[in-house]
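So the structure is just underneath, and the comments pick up after that.
The values are calculated or read from the model by the stated rules, or taken from the named source; none is laboratory data. Treat the numbers as computed from the prediction; the structure is a model and nothing was measured. Note that we place each Cβ from the backbone using ideal geometry, even for glycine, and neighbour counts take in every protein chain shown. When the accessible area is computed, the model is the full protein with side chains, heavy atoms only, and any ligands, DNA or RNA have been set aside. Shrake-Rupley method; radii C 1.70, N 1.55, O 1.52, S 1.80 Å.
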Amino acid sequence: MGQAEWATVPISTRDVDGPVFFTEHEWKTIEAASARIIPTDHHPGAREAKVVRFIDRMLAGTQFIFAAADGNGFLRLEGRDETAWQERIKQRREFYREGIVELDRLAKERAEAEFIRLSEEDQDAVLETLSGSPKPNTFSLGHSEVGLGGAPAGNQPVNEDFLEFFPLLVLNTRQGFYGDPVYGGNENRVGWGVIGFDGPPSLASTMDGSYTTRKYMVEGAEWPYDQHPEVLRFRRP
């Protein structure tokens, strides 16, 4: 049975205010950690975008995997598709639960307190220790290390199943910040607003042809798109 034949369940990632999978402590820990990955400054960050809700719903089970094309619910996975996703989610749950324990362990080593009780500076230091790399420099358009920062870029396809906890958290934070709001993050479309993207008015509008991203495309570009001069000029040397 293909996705077109799967039943739609009229549920939303926003039906419940708080956690569905996480405990309250786990929720607050991931909320705090994601808020240091995309911090709040003169723009909203991961906390305002409710990235933690996106991650919680991703880990909750198979009910929030594929949004229905009309945006009015999620497809009910069945058979081998459901079994495969259950295995993937089980592994990610273990990564997150073990990762949260490790965050608290490192936090207590540093300041004798849980991660959520630390200052932002100490939280950053704990995340540096966990990642094994220094905190990335402040981004600027002329920076020579654009694209670096502890996780794959997130373009599909990305195999998340083999990522360790920290790069998985970084990748999921990006997904929750920039993804379609239907999946629980990007609250009030703040992630899109930060990058000047208007976004589709609804998920349905991406399927019925009423919304297009044409204005964001390079005029005159033809396949292969990545060989167009206007695209090549942004490549790293």
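Taken as a whole, the condition of being in contact (Cβ under 8 Å) with a residue 60 or more places away in the chain and over 28 Å from GLY193 (Cα atoms) applies to ARG88.
Put simply, of TYR211, TYR216, TYR178 the only residue that is in contact with a Ser or Thr (Cβ under 6 Å, 6 or more places away or on another chain) and at pLDDT 75 or above is TYR211.
Only one residue in ILE11, ILE38 is within 19 Å of PHE115 (Cβ to Cβ), open to solvent by 20 Å² or more (accessible area, probe 1.4 Å) and touching a residue at least 60 places away in the same chain (Cβ under 8 Å). Which one?
Answer to the selection: ILE38.
If you go through the stretch 41-59 and pick out every residue that is open to solvent by 10 Å² or more (accessible area, probe 1.4 Å) and touching a residue at least 12 places away in the same chain (Cβ under 8 Å), you end up with 8.
Restricting the stretch 162-191 to residues that are over 13 Å from the mean Cα position of the chain (by Cα) and more than 23 Å from LEU127 (Cβ to Cβ), the residue that is most open to solvent (accessible area, probe 1.4 Å) is ASN188.
Filtered by the rule that a residue be under 22 Å from the mean Cα position of the chain (by Cα) and either polar (S, T, N, Q) or closer than 30 Å to SER202 by Cα (or both), the stretch 82-126 gives GLU82, ALA84, TRP85, GLN86, ARG88, ILE89, GLN91, ARG92, ARG93, GLN123. All of LEU118, LEU77 fail the test of being within 20 Å of GLU160 (Cα to Cα) and touching a helix residue (DSSP H, G or I) at 6+ places or on another chain (Cβ under 7 Å), apart from LEU77.
Among the conditions (1) open to solvent by 10 Å² or more (accessible area, probe 1.4 Å); (2) of a type in the set (S, T, N, Q); (3) touching a residue at least 60 places away in the same chain (Cβ under 8 Å), the only one that GLN63 does not satisfy is (3).
Answer with yes or no whether ILE100 is at pLDDT below 95, part of a helix (DSSP H, G or I) and among the β-branched types (Val, Ile, Thr). Taking the combined requirement at face value, the residue does not satisfy it.
Checking the stretch 183-192 against the condition returns no match, with no residue being among the aromatic types (Phe, Trp, Tyr) and modelled with pLDDT under 80. Among residues of the stretch 1-54 being modelled with pLDDT under 95 and part of a helix (DSSP H, G or I), the one that is nearest to THR173 (Cα to Cα) is GLN3. Restricting the search to the stretch 160-216, which residues are in contact with a strand residue (DSSP E or B) (Cβ under 8 Å, 6 or more places away or on another chain) and not hydrophobic (A, V, I, L, M, F, W, C)? Result: ASP180, TYR183.
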